[in-house]
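Presented below is the structure to which this report refers.
The values are calculated or read from the model by the stated rules, or taken from the named source; none is laboratory data. Since we're looking at a predicted model, the values are computed, not measured. Don't worry about glycine lacking a Cβ; one is built from the backbone with ideal geometry, like all the others, and counts go over all protein chains shown. Accessible surface is based on the protein model in full, side chains and every heavy atom, while ligands, DNA and RNA are left aside. Shrake-Rupley method; radii C 1.70, N 1.55, O 1.52, S 1.80 Å.
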Amino acid sequence: MGVTTTLVALLSPDLSQIALTFPVLGAAFHQCIRTSEIDNRLGPLLALYSAAILLLYASYVFVFSLGWLRSAGSVILASSSFNLGLTASIVLYRAFFHRLHHFPGPWMAKVTRLSITTRSLERNQYHLDLESMHRKYGDFVRTGPREISINRPSAVLAISGPQSSCTKSTWYSHVSDDKTKISLNSTRDPDVHRRRRRAWDRGFSMKALPTYEPRVQHKADVLISQIRSRLDQPLDVSRWIMYLAFDVMGLIGFSRDFRQLEEATEHAAIKELHEQMLILGILKPVPWVLTILGVIQGLVANYGQFMTYCADRVAEKKTEWKTSESKCPEDVISWLLKAADENDQSAPPGDQALNEDSRLLIITGSDTSSVAMANAFYYLAKYPLTYKKLQAELDKVFSKDAQASDFTNERLRRLPYLDAVITEALRLKPAVPSGQPRLTPPQGLQVDEVWIPGDTIVIIPQYVIQRDERYFPSATEFIPERWLDQREQLLLHEEAFFPFQLGRYGCVGKQFALMEMRIVIARVAMEFDISFASRENSDAFDQEAKDTFTFTVGSLLLNFQPRKGF
Ligand code: HEM
């Protein structure tokens, strides 16, 4: 039998032949694509599928001489059979034959992460879902067809340490795989990332940081005067700190001010950004859906006004840089422009990459530190003795009439209790709670007694590991002394604390974030006593934070009083 005859026999519109051929084709198709990373190729694959359907329809009409209607019916049957074969092959393979099949985990998660997305739609608290999965299944949980969540301290260095050969997972490709169009954070190629990171490191170096400090001090000053003028009412700390964090990032990012603190209102571009972050949080488990939606204008990764705002500011900075005589960078974007001007390899590789970097800076620099500060204030209000102890430490260094400019990072970073308060708040409520997905190298990865096969997505959820009683006794208590004189009893695995991530992909803004938090918390603690305005509100703040990649917290109503006897 020739090839054509075989093909004609296989594609015969005979119902029993369709029911036989197409499920097999579906299963065969799955076997062909199984080992490839198709997340970013869904568009071409869908186009191929549609073309195949049209071709099949044409062959039924013209080769097999069926009527138009009967051809349509046969095509529907054929594609349904194909889909059935494909789905059955995926489900059976993932559940019983996959290289991760022996890892425990929820049955549905082994087959698809869509189940996690459905749960996120209900409550969007994936950090808590991960916590209960670890409680139920142990330290190594299969949380997706090819994903393992790990709750072991030794995994931190193995996956994120400087020597680790793990790379960023497909999640980081949801904007694009084109290196010239993506931000530093989305760059998965380790060499390209290392090159680009150099320009960012210069923007946050010991030379650059002091130039940003007065802008933080100024904004902390505005915050204090806004609080002073509203002492008769509870204040939503989450909102006011968010104003501050974005204002600060506008200033250190582009030397432009969102002026949210002064105007006591959320900037339109930022409001829109926050609405989009909710979608991103829900779809985080299924990056391929993000990729598809990303193609549809206005849905995901298209923050309209926010994108325009950042692109406009970058364009202004470019013009300023061209005419600048000193060529001395005064903000982070200028450091990136300087690299481009000098044809340095660390420069963002194109205009789109620079625009993406500007958005990365504002988003990662603001939501993280604003949530971290709001959480710190939550704990300080909940533990009044700790707050008093912090105030006592500050009183030893600063006088009652100290000026905003006296609160320098140089002085503040020498206050151990202040840093312990910040560290303990970041332990209990890490700003990025559910881990950052990495890919194991082809040869696999050994974590303690467990071998994880190559090409597996691994995460270490900070929220889970940093609250584990085995690593941090009295884990759910807020005890800053854990980082000071009670290390021996309460800090059994310090390496399990990594809210800023580690290694080459770790947070570039860590030192800046610590400076900002020190200044803001110290200024408020010097000026005011604080207390919860309502028990229901503080409980809701604690329990209802959403996991939108970073935490999104609800309102935190606090009463502020000028300090008694001060
Ligand atoms: C409490 C505050 C902060 C926390 C907890 C935090 C945490 C993190 C974490 C966990 C990552 C790794 C993300 C990943 O692997 O995908 C990261 C990356 C990053 N952070 Fe932060 N961050 C904070 C503040 C800041 C600030 C203030 C800035 C900028 C001023 C900043 C800029 C960045 C950038 C640019 C990256 C990407 C680095 C890269 O991909 O090489 N972060 N941060």
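Quick rundown of the values:
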| quantity | calculated |
| --- | --- |
| Hits in the range 228-239 - residues which are part of a helix (DSSP H, G or I) and more than 16 Å from Ala381 (Cα to Cα) | Arg228, Arg239 |
| Near pairs, Cβ below 6 angstrom, 6+ apart or cross-chain, from the range 494-520 (farther than 15 Å from Val248 by Cα and more than 9 Å from the ligand (Cβ to nearest atom)) to any residue that is not in a loop (DSSP other than H, G, I, E, B) and not hydroxyl-bearing (Ser, Thr, Tyr) | Glu495/Pro153; Glu495/Val156; Ala496/Pro153; Ala496/Ile465; Phe497/Arg427 |
| Unique residue being surrounded by fewer than 17 Cβ atoms within 10 Å (Cβ to Cβ) and away from the ligand (no atom under 16 Å from the Cβ) when the list is Ser538, Ser534 | Ser534 |
| Total residues in the range 434-487, condition free of Cβ contacts under 8 Å to residues at least 60 places away in the same chain, crowded, with 20+ Cβ neighbours inside 10 Å and not in a loop (DSSP other than H, G, I, E, B) | 1 |
| Residues of the range 8-49 that turn out to be surrounded by 15 or more Cβ atoms within 10 Å (Cβ to Cβ), within 31 Å of the chain's Cα centre (by Cα) and farther than 21 Å from Ser89 by Cβ, as a count | 1 |
| Residue check, Tyr387 open to solvent by 30 Å² or more (accessible area, probe 1.4 Å) and either modelled with pLDDT of 95 or more or within 19 Å of Phe541 (Cβ to Cβ) (or both) | no |
| The range 417-476, residues that are of a type in the set (D, E, K, R), closer than 20 Å to Pro104 by Cβ and within 16 Å of the ligand (Cβ to nearest atom) | none |
| Residues within the range 401-414 that are touching a residue at least 40 places away in the same chain (Cβ under 8 Å) and either in contact with a His (Cβ under 6 Å, 6 or more places away or on another chain) or open to solvent by 10 Å² or more (accessible area, probe 1.4 Å) (or both), tallied | 6 |
| Hits in the range 18-46 - residues which are within 14 Å of Ser79 (Cα to Cα) and at pLDDT below 90 | Leu46 |
| Filter result (closer than 22 Å to Tyr471 by Cβ and part of a helix (DSSP H, G or I)) within the range 488-513 | Glu488, Gln489, Leu490, Glu494, Glu495, Ala496, Gly503, Lys510 |
| Residue in the range 87-95 that is farther than 30 Å from Leu445 by Cα and among the aromatic types (Phe, Trp, Tyr) present | no |
| Enumerated helices (runs of 4 or more DSSP H) restricted to the range 307-399, each holding at least 1 residues that are more than 16 Å from the ligand (Cβ to nearest atom) and under 23 Å from the mean Cα position of the chain (by Cα) | 351-382 |
| Selection status of Arg523, more than 16 Å from the ligand (Cβ to nearest atom), crowded, with 21+ Cβ neighbours inside 10 Å and not hydroxyl-bearing (Ser, Thr, Tyr) | yes |
| Unmet criterion (only one of (1) within 19 Å of the chain's Cα centre (by Cα); (2) within 14 Å of the ligand (Cβ to nearest atom)) for Ser164 | (1) |
| Subset of the range 400-429 [in a loop (DSSP other than H, G, I, E, B) and out of contact with any strand residue (DSSP E or B) (no Cβ under 8 Å at 6 or more places or on another chain)] | Lys400, Asp401, Ala402, Gln403, Phe407, Thr408, Arg413, Arg414, Leu415 |
| Extreme residue, nearest to the chain's Cα centre (by Cα), among residues of the range 194-208 that are more than 9 Å from the ligand (Cβ to nearest atom) and part of a loop (DSSP other than H, G, I, E, B) | Ser205 |
| Residue match in the range 172-193 (condition: in a helix (DSSP H, G or I), more than 30 Å from Ser132 (Cα to Cα) and open to solvent by less than 30 Å² (accessible area, probe 1.4 Å)) | yes |
| Near pairs, Cβ below 8 angstrom, 6+ apart or cross-chain, from the range 357-380 (closer than 21 Å to Ala533 by Cβ and touching a residue at least 40 places away in the same chain (Cβ under 8 Å)) to any residue that is near the ligand (Cβ under 8 Å from one of its atoms) and among the aromatic types (Phe, Trp, Tyr) | none |
| Residues (open to solvent by less than 30 Å² (accessible area, probe 1.4 Å) and among the aromatic types (Phe, Trp, Tyr)) located in the range 366-384 | Phe377, Tyr378, Tyr379 |
| Residue identified as within 15 Å of the ligand (Cβ to nearest atom) and more than 28 Å from His493 (Cβ to Cβ) among Arg230, Arg215 | Arg215 |
